[in-house]
Amino acid sequence: GHPGMCLGAADPLFVLWSRLLRFDPARPDWADRDRFVLSAGHGSMLLYSMLHLAGYDLPMDDVKRFRQRGSRAAGHPERGLAPGVEVTTGPLGQGFAHGVGLALARRMLAARFNRPGHEVVSWRVFALCGDGDMMEGVTCEAASLAGHLGLGEITYLYDSNRVTIEGSTDVAFGEDVARRFEAMGWHVAAVDGYDHEAVAAALAAGVAEVSRPSLVVAGTEIGHGAPTLHGSARTHGSPLGAEEIRRTKEAAGWAADQSFVVPEDVGAAFAGVASGGAARRADWEKRFAAWREAHPDLAAAWDAQHGDAVPGDLDERLVAAAREAAGKATRVVSNRVLQAAFKAVPGVVGGSADLGPSNETVISGGGDVARGAFGGANLHFGVREHAMGSIANGIALSGAFRPYAATFLVFSDYMKPALRLAALMKAATTFVYTHDSYAVGEDGPTHQPIEHLWMLRSIPGMKVFRPADAVETAAAWSWALRRSGGPCCIALTRQAVPAFARPDGCGVAEVLRGGYVVAPEPGDGAPDAVIVATGSEVAIAIGARDLLAAKGVRVRVVSMPCLELFREQPATWRDEVVPPDARVATLEAGATVGWGAIASRDGLCIGLDRFGESAPAEVLAREFGFTADAVAERILTWIRDWPPPRRGARASP
């Protein structure tokens, strides 16, 4: 593993866990527990040691099989694998930013549910960070927002050992971290990491500082206690070796010939910590029961917000709202759906990276979340896409909110680590991405996403919706609000998308099968071709179908708003929608890199495998061939040339 940090940071972390952290290992889901995040996730064995000693269900057998297949003590902490792990960490800076999201959720919960004499939301957020965390840009973004909002729930330990993999931090990192955080509005204290009383006092001062987040800079030594390797970068990721381990144990007064042993005094100390946590949890439950009795309306709201249930008529409400904007840009349709979702489902909150009006993600009448005012629903992340995704995940992990985070699709690149972690953790975060194609127009290729849809689709466990009309937009939000399948992305247009007639009985249920026939081939018999399209190109495909019908070519149009859901359907459904022996063309205003799986070897993939240009959207549509006339002509030519010649075969004269 990474022994250097585990040895170096053990003292300050022991102080935190034994004196300040509130938890009950028998009830790891206790609602008012403090949240601890190991942002420096490479030091995972230090966390696993604390969890095991504190009495969590992480037996010694898992510890012995650290980083081996089947062990819950994975190489980096994984939420849902080992109890007590609040956030999946590893990519540096992400734990720091996710913790800010947890703290923001805590402040928002307190604003909604705490009342004088009844403080039922009192948990805090602690984290252990390292020098690598402090270098990552996402940390600075998250710290800036936390300081701006005054999130006093945060107390972070900074394990400042001044060593990274390449050696001393002097080679690349010389700034005064304490002054940087002070400039961002943080309360900062510096202590000797091995002075337990000083560490405890600094942490307690951080907890007492309720108007600012706190950073405790603990001066430590990597590999502390190793006789010859202490202070060496070699201990960051390499084992100490048998001889160094033997001498380390001897120096600490341990039996050199024993491994995986918990001394009696250590076990007794941590047993006291666990029993104290159980008592605090029992006391909270009494106070919570009194609060429920005193405020039954709030108790009902609490249950609704923490539950997964949605109204039985949710789909009908969302579709009705969506139809109000039918024929407009799908970002506008989405806004109407969002208003209905906010009224129907408790806990809907979210915002944008300074693009709310453009993304159409502002909740009308929802109120703003700001310093000193946390009861609203509209979050303002500023121009901080990297941190926004992580913070939204943290809010989702609180279990009390259904958060969304929005920006332009082209800027989803900035959010990739958070997207990936959301999928790993099955966090119910909704990522809203607008301006989803070259139709951004005059802003040019820097703002016109080409490859981004397939980047999102490549993330295992991520559902990517690209709706074509009002019903599909409502369906995408319906899936997101049910909070049962992990994260999703909803890609929406800047430009207006024509409304089109849907087959009778073709509603949300069909859309949520991922792909369905939106325009059947005219007449009887098998279709001459099937066009599979998404988003704004579905209307174009239907227009091409009608043009081809006039020429005697029978084309079926399939809308595929979510490939991931379509792949999950039974083969009978997939074959019914896209017959296995059909000639298949795909149509999407972006890279074609992944469409071959649908079109097959001899299919036709119509897309955009080049960067866009700066010009009005309608000009680019003609230039790039995204018109009904152009698509019909390409389909007609492709059908006439069928079958294509095989490599090595002689072409027909």
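The values are calculated or read from the model by the stated rules, or taken from the named source; none is laboratory data. Computed from a predicted structure; not experimentally measured. For neighbour counting, all protein chains shown are included, and Cβ atoms are generated from backbone atoms with ideal geometry for every residue, glycine included. What goes into the accessible areas is simple: the full protein's heavy atoms, side chains included, and nothing from ligands, DNA or RNA. Shrake-Rupley method; radii C 1.70, N 1.55, O 1.52, S 1.80 Å.
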Q) Quick one: helix 264-294 against the long Cα principal axis of the chain, what's the angle to the nearest 10°, folded into 0 to 90? A) 60 degrees
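Relative to the present Cα-Cα distance, how much length would full extension add between SER232 and PHE260 at 0.36 nm per residue of separation? Don't skip to the end; give the middle numbers.
On the way: separation 28, 0.36 × 28 = 10.08 nm, distance 2.48 nm.
Net length gain for the segment: 7.6 nm.
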Q: Taking the dipole about the Cα centre of the chain, with the C-beta of Lys and Arg at +1 and of Asp and Glu at -1, give me whichever of ALA73, VAL273, GLY150 is farthest to the positive side.
A: ALA73
Q) Which of these values of Cα extents along the principal axes in Å was calculated from the structure shown: (1) 89, 67, 44; (2) 85, 53, 43; (3) 113, 61, 44? A) (1)
Q) In nm, what is the difference between 0.36 nm times the number of residues separating ALA320 and ALA615 and their Cα-Cα distance? A) 102.7 nm
Q) Using Cα atoms only, what is the angle between the long axis of helix 537-549 and the major principal axis of the chain, expressed in degrees (0 to 90) to the nearest 10? A) 20 degrees
Q. Looking at the range 38-119, which trypsin sites (Lys or Arg not before Pro) are in a loop (DSSP not H, G, I, E or B) and have at most 10 other Cβ atoms within 10 Å?
A. ARG69
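If you stretched the chain out fully between ASP283 and ASP413, how much longer would it get, using 0.36 nm times the residue separation minus the C-alpha to C-alpha distance?
Extra length from ASP283 to ASP413 when fully extended: 42.2 nm.
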Q) Which whole-number percent is the relative contact order of the chain (Cα, under 8 Å, 6+ apart)? A) 11 percent
Q | Residues whose placed amide H lies under 5 Å from that of VAL163, excluding near-sequence neighbours | A | THR169
Q.
Along the charge dipole of the chain, pointing to its positive end and built from +1/-1 on Cβ of Lys, Arg, Asp and Glu, which listed residue (ALA54, PRO449, TRP595) has its Cα farthest out?
A. TRP595
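Over the range 581-638, give the accessible area per residue in Å² for a 1.4 Å probe, as an integer.
45 Å²
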Q: Note the angle between two axes, namely the Cα long axis of helix 94-113 and the longest principal axis of the Cα atoms of the chain, as a number of degrees from 0 to 90, rounded to the nearest 10.
A: 90 degrees
Q. What residues have an amide H closer than 5 Å to that of VAL432, excluding those fewer than 5 places away on the same chain, when H is modeled at 1.01 Å from N in the peptide plane?
A. ALA405, ALA406, THR407, ILE490
Q) Could you sort MET462, MET455 by accessible area so the largest value comes first, with the probe set to 1.4 Å? A) MET455, MET462
(Q) Just to confirm the filter: which trypsin sites (Lys or Arg not before Pro) across the range 324-377 are DSSP coil and have at most 16 other Cβ within 10 angstrom of their Cβ? (A) ARG371
Q: Restricting to the chain, compute how many DSSP beta bridges are antiparallel as a %, nearest 5.
A: 15 percent
Q: Please get the size of the charge dipole for the range 93-252, origin at its Cα centre, with Cβ charges of +1 on Lys and Arg and -1 on Asp and Glu, quoted in debye to the nearest 20.
A: 660 debye
Q. What percent antiparallel are the DSSP beta bridges of the range 100-191, to the nearest 5?
A. 35 percent
Q. How big is the charge dipole of the range 189-247 about its Cα centre, in debye rounded to the nearest 20, if each Lys and Arg gets +1 on its Cβ and each Asp and Glu gets -1 on its Cβ?
A. 200 debye
Q.
What is the sum of charges, Lys and Arg at +1 and Asp and Glu at -1, for the other residues whose Cβ falls under 14 Å from the Cβ of ASP170?
A. -3
Q) Under a plain spin-label model, where a point goes 7 Å from the Cα along Cα-to-Cβ, how far apart in nm are SER122 and GLU451? A) 5.2 nm
Q. Which FRET efficiency value, to the nearest 0.05, is calculated for ASP443 and ALA190 with the Förster distance at 51 angstrom and r the Cβ-Cβ distance?
A. 0.65
Q. Under a 1.4 Å probe, what is the accessible area of the range 173-330 per residue, stated in Å²?
A. 52 Å²
Q. For labels at ALA509 and HIS306 in the simple 7 Å Cα→Cβ model, what's the distance in nm?
A. 3.4 nm
Q: Leaving ligands, DNA and RNA out of it, report the carbon-plus-sulfur percent of the accessible area of the range 192-347 at a 1.4 Å probe.
A: 55 percent
**Q.** Cut-off of 10 Å, at most 11 other beta carbons, DSSP loop: longest stretch of the chain lacking such GluC sites (Glu not before Pro)
**A.** 176-653
Q. Projected onto the charge dipole of the chain (+1 at Lys/Arg Cβ, -1 at Asp/Glu Cβ, origin at the Cα centre), which of HIS2, PRO417, PRO527 gives the Cα projection farthest towards the positive end?
A. PRO527
Q: Specify the inter-centroid distance of the range 56-107 and the range 531-601, based on alpha-carbon positions, in whole Å.
A: 41 Å
Q | Rounded to the nearest 20 debye, dipole of the chain from Cβ charges on Lys, Arg, Asp, Glu | A | 940 debye
Q. Per the 1.4 Å probe, what fraction of the accessible area of the range 56-99, in percent, lies on carbon and sulfur atoms?
A. 45 percent
Q) Per residue, how much accessible area does the range 530-579 have with a 1.4 Å probe, in Å²? A) 33 Å²
